[in-house]
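*Asks:* Okay, here's the structure, questions in a sec.
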Amino acid sequence: MWTCTFSAPDITIALVNMDGLLLYHGYLQSSHVIANNTSNSGTVVHFKLGDLNLVAYIKDYSRICQKGIGLVQPNQKSVLSVDVIGIGMCLTFTRVQSLLSTALLFKTFLKNPSSSPPIKASSSTQIEAVKPSGKRIQLVKFNLQQCCVNLCGDVSLDDEYVDDPKRVNYGSQGGRFLISELPDRTPRTAKVASTEYKQRPNVVLFDMQKAKFVKRAGGLKEVAICSLFSVTTITARWEPDVHLALVELGLRLKLLVHNHKLQEQQLTKDHEIKKEPSNQKKKESLFVVDVEMLTVTAEAGDGVETIIQLSRIPNGSKPAVKWDYVIQGLDMHICLPFRLQLRAIDDYVEEMIRALKLVADAKKKIIFPFKKESESKKPSSTELGRVKLYVRKLTAEIEEEPLQGWLDEHYHLRKKDAHEMAARSLVVQLRDYSYPLLVATSGKCEGRLVLAQQATPFQPQTLHEVYIGKWRKVDMYRSVSGTTPPMKMFLDLPLHFEKVEVSFGVGFEPPLADLSYAFTVALRRASLSVRNPNPFIIPPKIEKSFPWWDEMRNYIHGNTTLSFSEMLYNILATTDPYEKSDKFHMSSGYMEIQQSDGRFYASSRELKIFTSSLENLLRNSTTKPPAGELCAFLVAPTLILEVAMDWGCDSGTPLNHFLFALPSEGVAREYISDPFRSTSLSMRLNLALRTSTSSTNDSPTINVAPHDIVWLINFIILNYIPPVKLRFFSRYPRFGVPRVSRSGNLSLDKVMTEFILRVDSTPTVIRHMSLDESDPAKGLTFKMSKIKSEMYLGRGKQKFTFDSPRDLLVPVYQGVDLHMPKVFLNKDDTTCVIKVQTPKKASQDGVVNDNCSNAIGTTDRIRDDGFILSSDYFIVRKQSPKADCSRLLTWQEACKKSIEMKFVIPASCGHDNDELDRSDPSDDDGYNVVIADNSQRVFVYGLKLLLTIENRNGILSWGSELGKAVTPPKPSPSRQHAQRKLLEETQDQNKSQPIQDVSKTPTGQTGSPINQKEASKSDQSQSNPNKVEHQTFDDTAKHVNVDGSEEDEEGTCNFMVNVIEPQFNLHSEEANGRFLLAAASGRVLSRSFHKVVNVGIDVIEQANKSGTQVLKVALPHHHVYLHYKWQT
């Protein structure tokens, strides 16, 4: 056991150079050294140092104050602990150079301490490598409470011209080039100049509190050294002037090292020692940084201040410096302040970085004008490993502008509870509305995302000033605005969520307009400079900006797939965004959405649609909705939606999104956006409903009641034509928001020139839902083996340009096909508005249900109970001359093949097998002939109708309720007054116009063939006035004209109904019998004729009751005739 104590009140240390001149003089006060072996850990050495003053004999002095405690344990686990209370340093550029020079001299002296030759090992004896004893320090602890470093010095502000070449990439048309000359063959240079700034700012550059460093040797098997650096708070400040000052200091130190190496090479030529490479395998090292609060502020540009908060935990997995990054965040909050101009910030930061490089090159040209010898560059060994992000709670919000939201919404604003956000992996919320825009859980994404930029020729250049720091500016060239292609996104990205909920409402549109305005401000060009005295001038736009659909076509390409295990969709049915119950609700099982260029595909399983029509109906009533599960309006086991979009533009190649000039063209294009701007859109939508692949008994079902129809009509009107201030909220003047002119682009409904819709449901069941148990129409069911509806809206066959006139988008083709329609009253169907119960078997009294096709019972009364109507096929066709027949046929064939490939109809789908064997008459050329005369033709095959008192009451009740549902509401008194005034003004205008005799046509005037024909017939009627008086109603029904001729095939056909093999059964309740009417075919035809009716003198005289004036007037008149033809 021993103890040793050494104490010195004052120690002086002097450092001289080789010439004996004093370089540094240090004073150490109150030094204590205590060593003992009394502890169980072995020998302990304790150092205690007081104040240490270090004076450099150059111009001034530096002082370092420290106080520390060190522990050294010489056993197998040695520990070194250093505790420093405070360190203070005052440095200048000259002192730093002196310290480096002294360090280099010590390095040279240690390498060659004397001029004696090196000792050579004899051949008989060899020096063995000394193995480490294993008693080295394995744990190092260093605690620093306070550190202050003061760096002072002068920097140069010389004006200088520096080369400013620009690298360009021409891609496959030339590769990479370095442009060092302007188009006029002058060198491309930049000028660095000094500016006047009289203030001397005092800025804290670095502040660190409670820092701790721990280094441990050993530990894990494959890790040699484990290091931990922890600090509670770090505040750092970056400024361009300080950066340039440090660059200048670095260049001077680099020059000093360069000169020292030249001297060292002369001294070490004769004493070169070769080092043998070490084959010892290095172990990996682990370095961990733990920062509670890290704040980095920077002057990122002229007028741009940034704040960055970072935290990282790197893990070196290989000695070749491959880093794995792990970022952990418990609560992260991202906020976009209102009117934050992100594009302007990006532009200024980019210019500041480029200006910094130019100023650094200018300083290097003056201070260190040496060029490195060309050496082959070795590939960098630094690799990026894995990047992992762990976030427990992430909140990203866009700050709303003051006074921009509606005042009637601010009283709803309240603070959300934290557990709501914690229970949801993604939430997109608008204000505090009842439903968020998006809620998604358990997301997973593994794909590719590529950002690329089109290669172009060298863009035109313009010279402008960039102010950097407080004492410099750089005059440099940059590309003219609008000539640099933007970055485009190419996706191959599958994204899957377990559960997704999407909500929307027309009340969401005002905040979405504010959101759009925020991004408009963030992405527009602006001036943020506070030092540039020149005004910011935005060059005038030659072309209009793109609408959002053209932006999507230009910037986003590739394939994107979204899949959800479960999806909920809510659309509010009111303008109140805080509504919770009145909504359109859709739920789905597995859903997949695919998006590519010009194509959208969606498939869903177990789709159900619910409406809040019953709750809305009983909201102001004392009757409460019955408890239980709500009945779905639509149930679709399988749904597929396909949308194809063909765009048209002036260039003729809408898929060519290389808008800028290619490098081979050499010069920029005059017009960039206009050739790509969409001028036409052909949208083809195909919707298919099918049974599920696992079960054949469930079919697409619609459960509809009159109140559902009323609710749906109001819902569609609200969402298609909402109140003006909701849909056009952004167009109204607002406080602090400048009014800008509209873009001048065509709206999307004007761009659309074709819209083709096809709905195919196989099979289909439509059930009438009754509110009253005594409803005669209770159990009314419509069942079809297939429903196909096609609609073609178009504007004509012309080629559309941006300025071409556009007619209304009118229907030019309509087609409806019903296969095996059946209408019956299902007596076993005890459904109501709450829940649909599908009957599993027929009742015992012989009533036929919807799934039974065999007769039960012996009498006709029992066999036909509930039956109303059936038909083999029901076809409706209507086509206009504006329709493009070739495009229509191509689309129909494509839809048919697409559906056949995706669906295979099972052998038994709940209907008779003979229904599958029958051919589709709509595919037969004999039945599918359509005449483009804008006439509606109806074909009914195999019609069977049973009319009983019960059926009649049910149909009349259902028709009465349906008529009330579709009847438009009574207009308000103000609207009635406006309509009355408009009618009176129209009548006054008609009275003021003189009545002309159309029979007196001027000689030589040419008109249409119809007018000429009508005029000739008018002349014939005038020559035979007696025939007009004897024309009867029978003659009119037979198309007998005033001249006695028949025109059965002339006129305009409005509609035509063709019935093939109809059967009408009239059942008597009292008599034991039935009346049957059957025919081979029948036709109902409606035509309108444009006639000229001559009004006689006696009729006019009788109307005027005065014979003083005699007028002979020929007035055009329209006759509508209904033809009934039956073949029995």
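*Asks:* If I filter region 569-617 down to residues being of a type in the set (Lys, Arg) and more than 29 Å from Arg727 (Cβ to Cβ), which single residue comes out as most open to solvent (accessible area, probe 1.4 Å)? Don't jump to the end; show me each part of the working.
*Replies:* At the first step, the residues of region 569-617 found to be of a type in the set (Lys, Arg) are 580, 583, 599, 605, 608.
Subsequent filtering for residues that are more than 29 Å from Arg727 (Cβ to Cβ) retains 605, 608.
Numbers: Arg605: 144, Lys608: 72 Å².
By that ranking, first place goes to Arg605.
*Asks:* Now for a separate question. Considering each of Leu515, Leu528 in turn, give the residue that is part of a helix (DSSP H, G or I) and not acidic (Asp, Glu).
*Replies:* Criteria check complete, one pass: Leu515.
*Asks:* I'm trying to understand the selection: among the residues of region 615-670, which are over 33 Å from the mean Cα position of the chain (by Cα) and charged (D, E, K, R)?
*Replies:* Listed by number, the residues that qualify are Glu615, Arg619, Lys624, Glu629, Glu665.
*Asks:* Going through Leu403, Leu438 one at a time, which residue ends up being modelled with pLDDT under 55 and of a type in the set (A, V, I, L, M)?
*Replies:* Going through Leu403, Leu438 in turn, just one is modelled with pLDDT under 55 and of a type in the set (A, V, I, L, M): Leu403.
*Asks:* Out of the residues in region 472-511 meeting the condition of being charged (D, E, K, R) and under 30 Å from Pro240 (Cα atoms), tell me which one is least open to solvent (accessible area, probe 1.4 Å).
*Replies:* Arg472
*Asks:* Of all residues in region 192-201, which are at pLDDT below 75 and exposed (fewer than 13 other Cβ atoms within 10 Å of the Cβ)?
*Replies:* If the condition is that a residue be at pLDDT below 75 and exposed (fewer than 13 other Cβ atoms within 10 Å of the Cβ), then Lys198, Gln199, Arg200, Pro201 are the ones that fit.
*Asks:* Return the residues of region 351-371 that are in contact with a helix residue (DSSP H, G or I) (Cβ under 9 Å, 6 or more places away or on another chain) and open to solvent by 30 Å² or more (accessible area, probe 1.4 Å); say none if nothing qualifies.
*Replies:* Those that are in contact with a helix residue (DSSP H, G or I) (Cβ under 9 Å, 6 or more places away or on another chain) and open to solvent by 30 Å² or more (accessible area, probe 1.4 Å): Lys364, Ile366, Ile367, Phe370.
*Asks:* Going by the conditions given, is Val848 modelled with pLDDT under 90, buried (at least 17 other Cβ atoms within 10 Å of the Cβ), under 20 Å from Gly779 (Cβ atoms) and not small (Gly, Ala, Ser)?
*Replies:* Yes: the conditions hold for Val848.
*Asks:* Out of region 594-646, which residues are under 16 Å from Ala705 (Cα atoms) and in a strand (DSSP E or B)?
*Replies:* Listed by number, the residues that qualify are Ile609, Phe610, Thr611, Leu634, Val635.
*Asks:* So which of Leu310, Leu394, Leu389 is within 34 Å of the chain's Cα centre (by Cα), at pLDDT below 70 and open to solvent by 90 Å² or more (accessible area, probe 1.4 Å)?
*Replies:* Unique residue meeting the criteria: Leu310.
*Asks:* Please find, within region 690-735, the residue that is farthest from Asn616 (Cα to Cα) out of those that are of a type in the set (A, V, I, L, M, F, W, C) and open to solvent by 90 Å² or more (accessible area, probe 1.4 Å).
*Replies:* By that ranking, first place goes to Phe735.
*Asks:* While we're looking at this one, here's another question. With respect to Gly652, determine if the residue is assigned to a strand (DSSP E or B) and over 22 Å from Leu712 (Cα atoms).
*Replies:* no
*Asks:* What is the residue count in region 489-528 for residues that are under 21 Å from Leu336 (Cα atoms) and not aliphatic (A, V, I, L, M)? Write out each step before concluding.
*Replies:* From region 489-528, those under 21 Å from Leu336 (Cα atoms) are 508-528; that's our starting set.
Applying the additional criterion that residues be not aliphatic (A, V, I, L, M) yields 508-511, 514, 516-517, 519-520, 524-525, 527.
Selection size over region 489-528: 12.
*Asks:* Pairs needed: first member in region 952-978, of a type outside the set (S, T, N, Q); second member anywhere, part of a helix (DSSP H, G or I) and open to solvent by less than 70 Å² (accessible area, probe 1.4 Å); C-beta distance under 7 Å; at least 6 residues apart or different chains.
*Replies:* Close Cβ pairs satisfying both conditions: Glu961/Pro706; Leu962/Pro706; Lys964/Pro706; Ala965/Pro706; Ala965/Ile709; Ala965/Val710; Val966/Ile709.
*Asks:* Also, quick follow-up: I'd like to verify a number: residues in region 541-571 that are more than 23 Å from Gly443 (Cβ to Cβ), of a type in the set (Gly, Ala, Ser) and touching a His at 6+ places or on another chain (Cβ under 6 Å), how many?
*Replies:* Residues meeting the conditions: 0.
*Asks:* What is the one condition in (1) farther than 26 Å from Phe109 by Cα; (2) at pLDDT 75 or above; (3) touching a His at 6+ places or on another chain (Cβ under 7 Å) that Ile69 does not satisfy?
*Replies:* Only one criterion is unmet by Ile69, namely (2).
*Asks:* Continuing with the same structure: Is one or more of the residues making up region 569-587 part of a loop (DSSP other than H, G, I, E, B) and within 24 Å of Arg684 (Cα to Cα)? If you could, list the steps in order and put the result at the bottom.
*Replies:* Taking region 569-587 and keeping what is part of a loop (DSSP other than H, G, I, E, B), we get 573-582.
Applying the additional criterion that residues be within 24 Å of Arg684 (Cα to Cα) yields none.
So far as region 569-587 goes, no, none of its residues is part of a loop (DSSP other than H, G, I, E, B) and within 24 Å of Arg684 (Cα to Cα).
*Asks:* Let me ask you something else. Of all residues in region 1-54 being in a loop (DSSP other than H, G, I, E, B) and open to solvent by 70 Å² or more (accessible area, probe 1.4 Å), which is farthest from Ser81 (Cα to Cα)?
*Replies:* The residue in question is Asp19.
*Asks:* OK, next. Filter region 437-452 down to residues that are small (Gly, Ala, Ser) and assigned to a strand (DSSP E or B) and give me whichever is farthest from Val506 (Cα to Cα). It would help to see each step written out before you state the result.
*Replies:* First, pick out the residues of region 437-452 that are small (Gly, Ala, Ser): 440, 442-443, 447, 452.
Applying the additional criterion that residues be assigned to a strand (DSSP E or B) yields 440, 452.
On the way: Ala440: 22, Ala452: 37 Å.
The qualifying residue farthest from Val506 (Cα to Cα) is Ala452.
*Asks:* Could I ask something else about it? Show the residue pairs that are 6+ apart or on different chains and have beta-carbon atoms under 8 Å apart, the first residue being within region 776-789 and closer than 14 Å to Thr764 by Cα and part of a loop (DSSP other than H, G, I, E, B), the second being among the acidic types (Asp, Glu) and open to solvent by 30 Å² or more (accessible area, probe 1.4 Å).
*Replies:* Correct list of pairs: empty, since none qualify.
*Asks:* Of the conditions (1) surrounded by fewer than 12 Cβ atoms within 10 Å (Cβ to Cβ); (2) assigned to a helix (DSSP H, G or I); (3) modelled with pLDDT under 80, Leu916 fails just one. Which one is it?
*Replies:* Just one mismatch for Leu916, condition (1).
The values are calculated or read from the model by the stated rules, or taken from the named source; none is laboratory data. None of these values were measured; they are calculated from a predicted model. All Cβ positions, glycine included, derive from the backbone under ideal geometry; neighbour counts span all protein chains shown. The accessibility values were calculated without ligands, DNA or RNA, using every heavy atom of the protein model including side chains. Shrake-Rupley method; radii C 1.70, N 1.55, O 1.52, S 1.80 Å.
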